[in-house]
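A.B. asks: I have a structure here, written as structure tokens, and I will follow up with some questions on it.
Every number in this text was worked out from the coordinates using simple rules, so none of it is lab data. Only a predicted model underlies this, so the values are computations on that prediction, with no experimental measurement involved. All Cβ positions, glycine included, derive from the backbone under ideal geometry; neighbour counts span all protein chains shown.
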Amino acid sequence: MINKISSSAFLHFLTLLLFKQKGKHIGAFLISVMIIFLLSSVLFISSSLQNSLLSTLENQADFTVSRVQAGRAVNTPIKWIDKILEIDGVSNVSPRVYGRYFFTPRGKSFLVVGIDFFDEQNSKTLKSLVETIDLKSFLSTDNMIVGRGVKSFLSEHYYRDYFSFKTPKGSFKKVKIYQTLSSKSDLIANDMIIMPIDLAREIFALAEDEVTDISFNVPNDAEWDNIITKLHLLFYDVRVIEKREVKKAYENLYNYKGGVFLILYLIAIVTFILILYQRYSMTYSTDRKEIGILRAIGWSIKDILKLKFFENLIIVVISFVFGVTLAYIYVFILQAPLLSQIFLGGANLSNSVVFTPLLDYGVLVSIFLFYAIPFLSAVLIPAWKIAVIPPKEAML
Amino acid sequence: MIREFYILVSMVLFLVGFVAVHYLTHNNISSNEILCSVSKITNISSPSLSVTFYEPRILFFDEAVNPAYPQMDAIDKMDFIYDK
């Protein structure tokens, strides 16, 4: 079978033609690779980020409530926890203390998160996250665990072992850097500082009866709407955020950025297809002469269309494979330098996220079809138009 | 088929094989486990967006406020897309 294919006269002529006229195809090949590379890179980044974020959402609380004043979120009274606990069907009610600490001299900010390490579940998770941690020594003095972005920023500013936080009361709080989080956590924790909840409260000057917000679970999701009504009846100045809303936001998070690139892709592909169409339709083009000669020596219209179809299909497939492979290497091996900043920003600490490889086959097939069909039509339609006219006229 | 074509096809197959091997052997579980641990302990799953101080860092929970014009909506406000 393979022998039969390799000795086929048609295939021999086809491949010979392809390499004899490589100068003609190289332009189309390079432009195709570039377009497919850019579009695939963007789609790889957005789908990888989306997938990672959605997987982390599984561990999130179903609801988060915070107090609002004049339309803005303010500190939430801790006594709300008791009231929430009175609602039937509610579990795992926990306060959250977090906020952004602004480092004025450089105009950068960190996300400080206070954790209750005396909670058994939290201490267990921390041990799985930082294997070498000794909780006793960690809690004995003021210590913190920092993300990689924070660590490199602080090191650059000579805070190698500790950092002095300036509290709103005007005093300084010296906190030792206990450990740095793994690079694999950069997607969430690059600018994060994890510390005991009381220390975070001190740094933000939160009163003892205040927290940033309160999160809780409602295991029966049929009760979710009912719980929201109950919360609004309990508190008049409350803002309730549901996990399903956050999930929806994450699903749409990078759609608009992907959409912008899709529009650019459409513009680029339409322009490229027009150029291709134009090239084949030109009155004095070499393709016209070539088709004319083939017709003159007895090739049928069907044979010519078959030749042109396979000739361009090879270019389409090869440029698609090159474009997608380059995009894969750029995103998942080189971690998308420059392009990742469009998705994660570059105004604060620099973030070098490790993208988790994810190939969405549906997206790849769509890219191929959106690229292959216009490409092949832009070549086959003019080729057919030339093939149907008498060879003498075509060669003129 | 000519020799150059075989070389080209081998290159394409090598590229496909390279991507397949990298994709199948990459340890996705450990990356996701670490991210899940961080989100479990902090209760925060928002991406670490490198944004200026007055732009939202934690999606949904932060609000964008320009310190110079606190009453002005941020330019990235997109409730119509997020379907809040």
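A.B. asks: How compact is the range A:211-333 by the rule of thumb for globular proteins, expressed as Cα Rg over 2.2 N^0.38 Å?
C.D. replies: Details: Rg = 29.1 Å, N = 123, 2.2 N^0.38 = 13.7 Å.
Taking the Cα Rg and dividing by 2.2 N^0.38 Å, one obtains 2.12.
A.B. asks: Among the lysines, which have Cα under 20 Å from the Cα of A:Lys108 when same-chain residues fewer than 8 positions away are ignored?
C.D. replies: A:Lys108 reaches A:Lys151, A:Lys166, A:Lys173, A:Lys174, A:Lys176.
A.B. asks: Within 10 Å of each residue's Cβ, count the other Cβ atoms and sort A:Trp224, A:Trp80 from fewest upward.
C.D. replies: If I rank by nearby Cβ atoms, fewest first, I get A:Trp224, A:Trp80.
A.B. asks: Can I ask one more? Give the calculated FRET efficiency between B:Asn27 and A:Thr286 to the nearest 0.05, with a Förster radius of 56 Å applied to their Cβ-Cβ distance. Numbers along the way, then the final one.
C.D. replies: Working: r = 52 Å, r/R0 = 0.93.
It comes out at approximately 0.60.
A.B. asks: A further question follows. Which helices, taking whole DSSP H runs in chain A, have alpha carbons extending 18 angstrom or more along the helix axis plus mean Kyte-Doolittle at least 1.6?
C.D. replies: Long hydrophobic helices here: A:361-387.
A.B. asks: Just going by the charge dipole of the protein assembly as shown, with Lys and Arg at +1 and Asp and Glu at -1 on Cβ, which of B:Phe18, A:Ala249, A:Thr180 is farthest out on the positive end?
C.D. replies: Farthest along the dipole direction, towards plus: B:Phe18.
A.B. asks: Going 7 Å from the Cα of A:Glu131 along its beta-carbon direction, which residues of the range B:14-43 have the amide nitrogen within less than 18 Å of the resulting point?
C.D. replies: Hits in the range B:14-43 for A:Glu131 at 18 Å: B:27-38.
A.B. asks: Here's a follow-up. What list do you get for A:Thr56, A:Thr104 if you sort them by fewest beta carbons within 10 Å?
C.D. replies: A:Thr104, A:Thr56
A.B. asks: Using a ≥ b ≥ c from the Cα gyration tensor of the range A:47-87 (square roots of the eigenvalues), is it rounded, prolate or oblate, where a/c under 1.5 gives rounded and otherwise the larger of a/b and b/c decides, a/b for prolate?
C.D. replies: Oblate is the answer for the range A:47-87, as a/c is 1.5 or above yet b/c matches or exceeds a/b.
A.B. asks: Work out how much length A:His157 to A:Trp384 would gain on full extension: take 0.36 nm times their residue separation and subtract the Cα-Cα distance, in nm to one decimal. If you can, show how the numbers build up before the last one.
C.D. replies: On the way: separation 227, 0.36 × 227 = 81.72 nm, distance 6.83 nm.
Extending this stretch completely gives an extra 74.9 nm.
A.B. asks: What is the gain in length, in nm to one decimal, between A:Phe102 and A:Ala205 on full extension, counting 0.36 nm per residue of separation less the C-alpha to C-alpha distance? Before the final figure, lay out the partial values.
C.D. replies: Numbers: separation 103, 0.36 × 103 = 37.08 nm, distance 1.41 nm.
Gain in length upon complete extension: 35.7 nm.
A.B. asks: Now a separate question. First check a/c for chain A, with a ≥ b ≥ c the square roots of the eigenvalues of its C-alpha gyration tensor; if it is under 1.5, answer rounded, and if not, answer prolate when a/b is larger than b/c or oblate otherwise.
C.D. replies: Prolate, since a/c reaches 1.5 and a/b exceeds b/c.
A.B. asks: Which value, in debye to the nearest 20, describes the size of the charge dipole of the range A:231-336 about its Cα centre when Lys and Arg Cβ atoms bear +1, Asp and Glu Cβ atoms bear -1, and nothing else is charged? Walk me through the numbers before you get to the answer.
C.D. replies: Details: 13 positive and 8 negative charges, 46 e Å.
That gives a dipole near 220 debye.
A.B. asks: Also, I was wondering about something else. If R0 is 56 Å, what FRET efficiency do you get for A:Ile267 and A:Asn220 from their C-beta distance, rounded to 0.05?
C.D. replies: After rounding, the FRET efficiency stands at 0.70.
A.B. asks: Next up: What nm value, rounded to one decimal, do you get for the distance between A:Lys247 and A:Trp299 when each label is placed 7 Å out toward the C-beta?
C.D. replies: 5.7
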